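One structure below.
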Amino acid sequence: MKSSVCVCLLVGVSATPALGRFDCGYHPPEYWMQQLRDAVARGEIDDPLTRSIPVVAPGNARRAAGSPLCLTPEQIFPFEDTGGLLLTNFSTGQLLDLMAVAANDVMAAHGDNFDFVGFWVNFVPDHQIGSAFYAGIENTVSGLGHNLFNNRANMGIAGDNIEGFVMMWRIANSAWQPGAGPDADFTRTVLGQEFEHRWGMFLPDLLDGRRLQGDGAGCGRGSHWNWKVDGQGSGMEISEWVGVNPAVPVALDNSLNTDIGGVFSYPDLYLMGMVSPQELDTEPSEFRYMDDSDCESDYFGSITPITSAEIIASAGPRVPDSVDSQKSFRAAWVMIHQPGDPPSPVDLEKAVAILEQHMTDFNFGTLGRGTMNNQLFDATCGCVWDLDGDGAVGIVDFLDLLAQWGTDPGGPPDFDGDGDVGLVDFLALLANWGPCV
């Protein structure tokens, strides 16, 4: 029986600030667990509670390294859909079980070193559950409007660290574009959204009744920001309204944030544990509510600010707070393929380029406080200083660094990741002068 989940669509993708309507396949953890139990009851899968769990090496490198990170095709884990499940009318429970088996294979090979496991496929599946989705496996953070839970045992997943799965489906999808150009903005914001589902958006209504979560109708989707909320844009679909009487929606749905220039807004970063309540209230973020808006047209009327105190009054304080929250994460990425059809170099290189940009975006978008390590295994990046790609570090790379001195490029030549091109980056380049090895 085919899953009853609505298939999500990429609609109106463009290079404009409003990047098009994106319907993702997010569901709360209770939904995923019910789908899994239903698949067991129908005899589609063995009970994960009785699965033989592989012995995995304890995590010893789960946190992201401080040095520049690079990826190669070997960093993408190939996983064979041996029975051709995804070419059949698979159920949601069957898909989730396949992902759990793949995650166990990753950890059996590379240890319990990952907070997340992400997935691509290199073929056209029978159907999709969303164009992309996040499935939560563990939550240890309160103050999000989200229950605490740990479903690793229920899913038959080894280890102690995996917090969630991200499914991005077909790598050859033309909507997924690598790099940082305008055509890639949609890919970047979607990845930002799916990973942010680890922490948001689940906030309850404020005590005065203002709804921060989408209504599932004309003002945004549930588990995403309500489009009456102005936070200057983000991948989590926070709106950007400009002006007063009228206030005009410049970016609804997925868009880069105009305060930070990345995939997250200050309200997003509060939920992620990257900024304090005080920073949310005082940094240059326009966090306000269009009280009587229909969400999509010019708006005249009452506009009220939203404060961290109001969020805390309804959801409780975030625990752990921004001082003690986890800020560095590691994700293993899997490419599911059919027997006899391993991932091609083209598919792997595209995935690598997308995920390299994602690491840059996560660090830049979290104000340099967070890191996302997409390396399957630790590897050095001996040629990260080779900015012109000629196989050696030399005068052209030196001039490129000088041209960006004092700026924040969001990546090399900001080798130390401090958000500024300066002396440390200069010394790193000089230390690697000569042929790449």
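The values are calculated or read from the model by the stated rules, or taken from the named source; none is laboratory data. Just so you know, these numbers come straight off a predicted model, no measurement behind them. Ideal geometry is used to build each Cβ from the backbone, glycine not excepted, and the neighbour counts take in all protein chains shown.
Some values worked out for this structure:
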quantity	calculated
Unique residue being farther than 27 Å from Val117 by Cβ, in contact with a Ser or Thr (Cβ under 8 Å, 6 or more places away or on another chain) and assigned to a helix (DSSP H, G or I) when the list is Leu280, Leu207	Leu280
Some residue of the stretch 129-139 being outside any strand (DSSP E or B), within 30 Å of Ile312 (Cβ to Cβ) and in contact with a helix residue (DSSP H, G or I) (Cβ under 9 Å, 6 or more places away or on another chain)	yes
Failed item, numbered, when Ile260 is tested on (1) under 27 Å from Ala351 (Cβ atoms); (2) β-branched (Val, Ile, Thr); (3) touching a Phe, Trp or Tyr at 6+ places or on another chain (Cβ under 7 Å)	(3)
Residue that is more than 17 Å from Asp115 (Cα to Cα) and modelled with pLDDT under 95, where the choices are Ser142, Ser131	Ser131
Residues (of a type in the set (Val, Ile, Thr) and assigned to a helix (DSSP H, G or I)) located in the stretch 88-117	Thr92, Val101, Val106
Residue satisfying all of: in the stretch 181-204; in a loop (DSSP other than H, G, I, E, B) and aromatic (Phe, Trp, Tyr); surrounded by the most Cβ atoms within 10 Å (Cβ to Cβ) among these	Trp199
Out of Asp268, Asp292, Asp321, sole residue that is at pLDDT 95 or above, out of contact with any Cys (no Cβ under 8 Å at 6 or more places or on another chain) and in a loop (DSSP other than H, G, I, E, B)	Asp321
Glu237, sole failed condition from (1) buried (at least 22 other Cβ atoms within 10 Å of the Cβ); (2) in the same structural domain as Asn147 (by TED's automatic domain parsing)	(2)
Phe300 vs. criteria in contact with a strand residue (DSSP E or B) (Cβ under 7 Å, 6 or more places away or on another chain), of a type outside the set (Asp, Glu) and assigned by TED's automatic domain parsing to the domain that holds Ser239	no
Out of Ala431, Ala403, sole residue that is at pLDDT below 80, surrounded by fewer than 18 Cβ atoms within 10 Å (Cβ to Cβ) and farther than 23 Å from Gly273 by Cβ	Ala431
Residue list for the stretch 152-177, restricted to those being part of a loop (DSSP other than H, G, I, E, B) and over 20 Å from the mean Cα position of the chain (by Cα)	Gly156, Ile157, Ala158, Gly159, Asp160
